Amino acid sequence: MHYLQTDIAKGVKGIFIENDRFNTTYISVNFFLPVLRAEQSKRVVLPYILTSCSQKYKTYTELNRALADLYSADIYASTQRIGNCVCIKIALSTINDRFALNGQSSVKQSVDLLMSLIFNPKVENASFFEENLNTEKRKTEEQILSEMNDKRAYSADRLLSEMFKNSEHGVGRYGSLEDVKKIDGKNLFDAYEELLRSAFVTVNVIGEKLPDGLFERISDCFSGIKRENITDVKVLSPLKATDSINYVTERQNVLQGKLGMGFSLDTKAFSQSEALIFADIFGGGPYSKLFSNVREKMSLCYYCNASVNYGLGYLTVNSGVEAINAEKAQNEIINQLTAIKNGDFGDFEISSSKKAITDNCKSHYDNQSLLDRWYTSRVIYDGFLSPNEYAQTFEEITKENIINIAKTERPNTVYKLLPQEEK
Amino acid sequence: MQKQIIQSPLGDKCLYAVLDNGLKVLVVEKEKFSSAYAVFGTHYGSIDTSFSSDGENFVSVPEGIAHFLEHKLFESEDGDAFTRFSKTGAYANAYTSFDRTCYLFSCSTAFYDNLDILLDFVQHPYFTAETVKKEQGIIGQEIKMYDDNPEWCVFFNVLKALYKNHPVKIDIAGTVESIAEIDDKLLYSCYNTFYNPSNMFVCIAGNVKSEEVLSFIEKRIKPSESINIIRTDFKEPYETVNSEITEKMDCAIPQFCYGYKLNTVKDVKQRIALNVALDLISGDFSPLYKSLTDEGLINDSFDADLFYSESYTAVLFQGESVYPKKVKAEIDRAVREYAVKGFDKDMFETAKKSAYGDNVKQFGNVKGISLLLTEYAVSGIMPFEDIKALKELTVEDVNEAVKLLDIKNSALSVIEKEE
């Protein structure tokens with residue numbers, strides 16, 4: 001597998017991961033901007049409106065017909081958090097020309113379509129059309145409501161909002177219903193212009209060959225834009241340790257409760273690999289402390305997972321518990337964390353974790369969207385490691401490294417979603 | 001042993017073998033890939049609640065036992081299979097659906113060590129009264145988690161409205177009460193019936209050599225006499241039970257699932273025709289999808305599926321909507337219209353190209369291929385028959401397929417917001 005990184009324009013990087021095992025070519029364009037509460041909802045709606053129509057494809061029906069004619073080419077839109085930033089992603093996956101029937105060039109036509117969506121949106125007088133916008137606003141509002149139906153995702157999001165309630169990062173994944181309502185064609189177009197002007201941009205291409213002239217075309221598209229105040233993706237603002245714990249309990253008509261626990265973690269003194277292995281041994285694979293004790297031995301919950309955010313310096317534990325077991329599960333999670341700090345784990349857990357994560361890194365090469373996610377998220381770190389290079393960094397991690405990083409945890413928030421109390 | 005190499009229209013080759021004991025082995029080599037994905041499964045799922053080996057003495061077992069058995073099979077006398085996979089670094093998992101239970105792993109290294117673990121633990125059950133009791137707690141939690149999920153509940157409610165006798169209407173995991181009836185003896189009884197190689201399959205895709213894999217499997221499958229499994233005929237009537245079912249839950253946005261109950265479709269061509277018809281009726285380039293979206297009746301969660309096994313077939317439209325009854329009416333209107341007028345020829349060609357593209361995409365990853373091989377093994381379709389059927393599909397086939405959707409034989413399930 002070969003790899004090429006090139007500067008396409010000011011603050012715009014092109015990354016080509018040559019890989020001939022796939023039947024498809026995958027292209028993603030990623031715009032990084034700092035997280036801002038007031039902007040979040042607009043940034044959620046923006047990639048969806050851009051991928052619903054364009055000057056060329058006036059309606060989503062026309063667009064979807066064109067995608068179906070390109071052998072079910074897929075367009076993906078998302079807004080995710082990476083480090084201190086939101087990353088607005090617009091991606092395309094299309095079958096390679098050798099599979100197209102009647103000599104059709106599916107890749108070239110798909111690239112034309114992607115360019116049309118990103119750089120020639122359907123706008124008039126510097127404003128998106130209300131009819132298109134209203135549909136996307138409604139869908140985003142319903143997405144916010146829908147997340148409340150998924151109690152597992154909802155409680156995980158609520159835990160983070162509580163942990164970061166005093167910072168920009170406390171904004172919900174989709175912003176808020178109120179902020180969505182405030183979006184209009186004009187202010188959304190302003191957000192689009194800001195995106196083109198100041199976002200740090202990466203263009204990832206994963207496939208057997210780089211589509212002819214792709215990077216040059218993107219360079220041309222940016223040449224008419226005054227690029228300034230470009231986002232510095234490497235600035236990180238970790239969660240600060242607090243003196244007191246924030247306890248939050250919410251009640252809804254649910255059968256199963258959810259318990260979320262958040263901790264600050266001083267990741268600065270440690271590598272990302274160390275933080276990852278620590279979280280995995282604590283609450284990742286089936287060999288982890290939380291799985292083998294809290295779930296398997298004590299049967300306290302159906303799921304109980306830990307994850308770490310290295311850039312923002314925190315550790316979270318999310319679990320599904322019966323209300324009567326919530327207190328017990330909470331204590332046991334703390335006990336297991338203490339066990340890690342006391343070195344109560346051995347070679348089995350360390351080598352299992354290293355092997356599992358190494359295997360996972362290698363399997364990235366077989367999946368275009370995983371490779372895309374990998375290279376999208378690596379831009380916030382120094383050294384642009386490939387999955388294989390990253391896997392090599394696990395070799396030197398010792399038990400002491402894991403104990404030391406665990407010792408930096410400070411409890412921050414305990415969030416519970418419990419059934420209504422019986423009257 | 002019967003063995004053949006089957007060529008796919010997309011260039012892949014599948015080794016298809018049936019061992020003397022009846023075990024099916026399907027392997028697709030993808031030498032450029034780093035990893036491999038392997039499934040060891042049995043044609044046994046949540047709907048197999050009543051069965052016999054002689055056609056006379058039928059045994060009924062508690063609902064949810066296939067799923068319970070899946071959980072328990074990971075354990076052995078000297079530890080669990082997860083611990084063994086931990087030593088190799090593979091990702092391992094299992095799932096139970098209506099008609100199958102599958103154990104799987106994916107790995108980038110130590111493929112044969114992992115395959116050895118997979119073949120070994122699935123063939124060595126170990127249940128005791130204590131371990132069964134402990135699992136009842138964990139699965140009870142899993143059931144409650146799903147009971148809080150409106151999307152899950154709206155789906156099972158529509159099945160309850162569509163099916164009178166067929167156990168497809170029962171939650172795959174059973175209920176807290178039904179799993180309380182499970183004991184080690186019942187688990188062994190189900191295991192000895194359904195985990196016979198003649199009812200099982202191994203499906204693998206990835207960086208492997210198919211002949212080598214086949215010979216490895218042959219050496220590790222325990223010799224056994226094939227077993228006769230007769231599943232109870234639940235005498236499911238054609239008609240639905242109810243046309244509407246509504247439940248209130250703590251949900252922020254109402255959910256709906258609208259289903260048409262069909263006579264069981266067994267022919268692969270008819271199945272492909274129904275899938276293409278569904279795309280034409282409600283896919284994202286259809287006039288129906290546009291009108292439903294423009295009127296604010298659906299969002300991106302809207303989806304249509306052909307729901308089938310060898311003993312049931314339904315077409316399901318599921319999503320979120322504040323106005324589920326209007327969505328139902330619009331779907332009925334479109335179905336009625338297509339049944340009379342047929343589909344536009346150009347639109348049909350687009351949908352066919354799109355379905356072909358989906359096949360190409362599925363063959364671009366080892367997981368996708370393994371899942372497809374599993375589908376072949378369970379449904380009895382020979383590899384790639386579906387791709388060939390799609391190639392030969394005509395607009396007339398699809399026009400006939402849409403006539404199978406009977407508006408009078410449908411049910412709407414809604415989860416409303418609790419006041």
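When the range A:49-83 is examined, which residues are found to be touching a Pro at 6+ places or on another chain (Cβ under 8 Å), surrounded by fewer than 21 Cβ atoms within 10 Å (Cβ to Cβ) and under 20 Å from A:Phe119 (Cβ atoms)?
A:Gln55, A:Ala77, A:Ser78
How many residues does the range B:13-46 contain that are surrounded by 24 or more Cβ atoms within 10 Å (Cβ to Cβ), among the hydroxyl-bearing types (Ser, Thr, Tyr) and closer than 30 Å to B:Thr175 by Cα?
Result for the range B:13-46: 2.
Could you pull out every one of the helices (runs of 4 or more DSSP H) wholly within the range B:27-140 that has 3 or more residues that are under 27 Å from B:Cys14 (Cα atoms) and touching a Ser or Thr at 6+ places or on another chain (Cβ under 7 Å)?
On the way: elements: B:65-73, B:81-86, B:111-123.
The qualifying helices (runs of 4 or more DSSP H) are B:111-123.
Looking at (1) farther than 23 Å from A:Arg98 by Cα; (2) surrounded by fewer than 18 Cβ atoms within 10 Å (Cβ to Cβ); (3) within 14 Å of chain A (Cβ to nearest Cβ); (4) within 23 Å of the chain's Cα centre (by Cα), find the lone condition where B:Glu310 falls short.
(3)
Pull out all pairs, ordered by first then second residue, where Cβ-Cβ is under 7 Å, the residues are six or more apart or on different chains, the first lies in the range B:271-293 and is surrounded by fewer than 20 Cβ atoms within 10 Å (Cβ to Cβ), and the second is of a type in the set (Val, Ile, Thr).
Qualifying pairs under 7 Å: B:Arg271/B:Val265; B:Lys290/A:Thr61.
Give me the residue from the range A:1-31 that is among the hydroxyl-bearing types (Ser, Thr, Tyr) and over 27 Å from A:Glu228 (Cβ atoms) and, out of that set, modelled with the lowest pLDDT. Walk me through how you get there before you give the answer.
Pass one, the range A:1-31, residues among the hydroxyl-bearing types (Ser, Thr, Tyr): A:3, A:6, A:24-26, A:28.
Then keep just the ones that are over 27 Å from A:Glu228 (Cβ atoms); that gives A:3, A:24-26.
Details: A:Tyr3: 74, A:Thr24: 97, A:Thr25: 98, A:Tyr26: 98.
For the range A:1-31, the residue satisfying everything is A:Tyr3.
Going through the range A:138-180 one residue at a time, which ones are farther than 30 Å from A:Leu255 by Cα and out of contact with any Ser or Thr (no Cβ under 9 Å at 6 or more places or on another chain)?
Result: A:Asn166, single match.
So how many residues does the range B:179-224 have that are of a type outside the set (S, T, N, Q), under 15 Å from B:Glu29 (Cβ atoms) and more than 27 Å from the chain's Cα centre (by Cα)?
Number satisfying all stated conditions: 4.
Sort out which residues of the range A:377-392 are surrounded by 19 or more Cβ atoms within 10 Å (Cβ to Cβ), under 20 Å from the mean Cα position of the chain (by Cα) and within 13 Å of A:His364 (Cα to Cα), and write them in order of number.
A:Pro387, A:Tyr390, listed by residue number.
So, A:Tyr365, is that one touching a Pro at 6+ places or on another chain (Cβ under 9 Å) and hydroxyl-bearing (Ser, Thr, Tyr) or not? Show your work before the answer.
Working: touching a Pro at 6+ places or on another chain (Cβ under 9 Å): yes; hydroxyl-bearing (Ser, Thr, Tyr): yes.
Taking the combined requirement at face value, the residue satisfies it.
Can you spot a residue in the range B:240-250 that is within 14 Å of chain A (Cβ to nearest Cβ) and hydrophobic (A, V, I, L, M, F, W, C)? Break it down stepwise before answering.
From the range B:240-250, those within 14 Å of chain A (Cβ to nearest Cβ) are B:247-250; that's our starting set.
Next, from what is left, pick out any that are hydrophobic (A, V, I, L, M, F, W, C): B:249.
Within the range B:240-250 (the criterion being within 14 Å of chain A (Cβ to nearest Cβ) and hydrophobic (A, V, I, L, M, F, W, C)), the answer is yes, since at least one residue qualifies.
Pairs, please: C-beta under 7 Å, at least 6 apart or cross-chain, first residue in a strand (DSSP E or B) and in the range A:256-274, second modelled with pLDDT under 95 and β-branched (Val, Ile, Thr)?
If the second residue must be modelled with pLDDT under 95 and β-branched (Val, Ile, Thr), the pairs left are A:Gly257/A:Val321; A:Leu259/A:Val321.
Name the single residue that is nearest to the chain's Cα centre (by Cα) among those in the range A:100-114 being crowded, with 20+ Cβ neighbours inside 10 Å and touching a residue at least 40 places away in the same chain (Cβ under 8 Å).
First pass over the range A:100-114, keeping only residues crowded, with 20+ Cβ neighbours inside 10 Å: A:100, A:106-107, A:110-111, A:113-114.
This time we only want the ones that are touching a residue at least 40 places away in the same chain (Cβ under 8 Å), so: A:107, A:110-111, A:113-114.
On the way: A:Val107: 27, A:Ser110: 25, A:Val111: 24, A:Leu113: 25, A:Leu114: 21 Å.
By that ranking, first place goes to A:Leu114.
Show the residue pairs that are 6+ apart or on different chains and have beta-carbon atoms under 9 Å apart, the first residue being within the range A:8-25 and within 9 Å of another protein chain (Cβ to nearest Cβ) and over 21 Å from A:Ile218 (Cα atoms), the second being part of a strand (DSSP E or B) and modelled with pLDDT of 95 or more.
A:Asn19/A:Ile206; A:Asn19/A:Gly207; A:Asp20/A:Gly207; A:Phe22/A:Ile206; A:Phe22/A:Gly207; A:Asn23/A:Ile95
Answer yes if at least one residue in the range B:392-408 is in contact with a Pro (Cβ under 8 Å, 6 or more places away or on another chain), in contact (Cβ under 8 Å) with a residue 40 or more places away in the chain and in a helix (DSSP H, G or I), and no otherwise.
Going through the range B:392-408, the residues in contact with a Pro (Cβ under 8 Å, 6 or more places away or on another chain) turn out to be none.
No, that holds for no residue.
Filter the range A:398-409 down to the residues that are within 26 Å of the chain's Cα centre (by Cα) and outside any helix (DSSP H, G or I) and list them by number. Show your work before the answer.
Taking the range A:398-409 first, the residues within 26 Å of the chain's Cα centre (by Cα) are A:402, A:405-406, A:408-409.
Within the range A:398-409, A:Thr408, A:Glu409 qualify.
Out of the range B:31-63, which residues are of a type in the set (D, E, K, R), within 14 Å of chain A (Cβ to nearest Cβ) and touching an Asp or Glu at 6+ places or on another chain (Cβ under 8 Å)?
Narrowing the range B:31-63 to residues of a type in the set (D, E, K, R): B:31-32, B:48, B:54, B:56, B:63.
Checking which are within 14 Å of chain A (Cβ to nearest Cβ) leaves us with B:31-32.
Listed by number, the list holds a single entry, B:Lys32.
Within the set of pairs 6 or more residues apart or between chains, which connect a residue that is at negative phi inside the range A:63-92 to a residue that is of a type in the set (Asp, Glu) and outside any strand (DSSP E or B) with Cβ atoms less than 7 Å apart?
Taking only residues 6 or more apart or on different chains, the pairs are A:Asn64/B:Asp284; A:Ala91/A:Asp372.
Is it fair to say B:Lys248 is under 30 Å from B:Ser189 (Cβ atoms) and either outside any strand (DSSP E or B) or of a type outside the set (Asp, Glu) (or both)? Lay out the reasoning, then the answer.
Working: under 30 Å from B:Ser189 (Cβ atoms): no; either outside any strand (DSSP E or B) or of a type outside the set (Asp, Glu) (or both): yes.
Judged against the criteria, B:Lys248 is not a match.
Conditions: (1) closer than 21 Å to A:Lys226 by Cβ; (2) within 19 Å of the chain's Cα centre (by Cα); (3) among the charged types (D, E, K, R). A:Arg37 meets all but one. Number of the miss?
Of (1) closer than 21 Å to A:Lys226 by Cβ; (2) within 19 Å of the chain's Cα centre (by Cα); (3) among the charged types (D, E, K, R), only one is false for A:Arg37: (1).
Among residues belonging to the range A:125-135 that are touching a residue at least 24 places away in the same chain (Cβ under 8 Å) and out of contact with any strand residue (DSSP E or B) (no Cβ under 9 Å at 6 or more places or on another chain), point out the one that is nearest to the other protein chains (Cβ to nearest Cβ). Talk me through it step by step, then tell me what you get.
Within the range A:125-135, the first condition is being touching a residue at least 24 places away in the same chain (Cβ under 8 Å), and the residues that meet it are A:126-130, A:132-133, A:135.
Remaining after also requiring out of contact with any strand residue (DSSP E or B) (no Cβ under 9 Å at 6 or more places or on another chain): A:126-128, A:130, A:132-133, A:135.
On the way: A:Ala126: 25, A:Ser127: 20, A:Phe128: 16, A:Glu130: 13, A:Asn132: 10, A:Leu133: 13, A:Thr135: 6 Å.
In this case the residue turns out to be A:Thr135.
What pairs come up if the first residue lies in the range B:136-151 and is of a type in the set (Gly, Ala, Ser), the second is outside any helix (DSSP H, G or I), and their beta carbons are under 7 Å apart, counting only those six or more places apart or on different chains?
Note: pairs meeting the criteria are B:Gly137/A:Ser299.
Take the residues of the range A:165-193 that are of a type in the set (D, E, K, R) and buried (at least 17 other Cβ atoms within 10 Å of the Cβ): which is farthest from A:Lys10 (Cα to Cα)? Talk me through it step by step, then tell me what you get.
Filtering the range A:165-193 down to residues of a type in the set (D, E, K, R) leaves A:165, A:168, A:173, A:178-179, A:181-182, A:184, A:186, A:190, A:193.
Then keep just the ones that are buried (at least 17 other Cβ atoms within 10 Å of the Cβ); that gives A:173, A:179.
Working: A:Arg173: 29, A:Asp179: 31 Å.
Among those that are of a type in the set (D, E, K, R) and buried (at least 17 other Cβ atoms within 10 Å of the Cβ), it is A:Asp179.
Would you mind finding the one in A:Tyr310, A:Tyr302 that is in contact with a Gly (Cβ under 7 Å, 6 or more places away or on another chain) and crowded, with 21+ Cβ neighbours inside 10 Å?
Values: A:Tyr310 fails: in contact with a Gly (Cβ under 7 Å, 6 or more places away or on another chain).
Within the list A:Tyr310, A:Tyr302, the selection yields A:Tyr302.
Could you tell me whether B:Ser321 is within 12 Å of another protein chain (Cβ to nearest Cβ), more than 25 Å from the chain's Cα centre (by Cα) and surrounded by 20 or more Cβ atoms within 10 Å (Cβ to Cβ)?
Judged against the criteria, B:Ser321 is a match.
Condition first: farther than 20 Å from B:Lys144 by Cβ, surrounded by fewer than 22 Cβ atoms within 10 Å (Cβ to Cβ) and either aliphatic (A, V, I, L, M) or free of Cβ contacts under 8 Å to residues at least 40 places away in the same chain (or both). Now tell me which residues in the range A:148-164 satisfy that.
Scanning the range A:148-164 gives A:Asp157, A:Ser161.
Specify the residue that is farthest from the other protein chains (Cβ to nearest Cβ); the eligible residues are those in the range A:296-335 that are β-branched (Val, Ile, Thr) and over 30 Å from A:Tyr381 (Cα atoms).
Going through the range A:296-335, the residues β-branched (Val, Ile, Thr) turn out to be A:308, A:316-317, A:321, A:324, A:333-334.
Filter once more, keeping what is over 30 Å from A:Tyr381 (Cα atoms): A:321, A:324, A:333-334.
Numbers: A:Val321: 8, A:Ile324: 12, A:Ile333: 16, A:Ile334: 20 Å.
For the range A:296-335, the residue satisfying everything is A:Ile334.
Test of understanding: among A:Leu117, A:Leu92, which residue is touching a Leu at 6+ places or on another chain (Cβ under 6 Å) and assigned to a strand (DSSP E or B)?
Details: A:Leu117 fails: assigned to a strand (DSSP E or B).
Only one candidate passes the filter, namely A:Leu92.
The values are calculated or read from the model by the stated rules, or taken from the named source; none is laboratory data. Keep in mind that what you see is a predicted model, and the values were worked out from it rather than measured. Backbone-built Cβ (ideal geometry, glycine too); neighbour counts: all protein chains shown.
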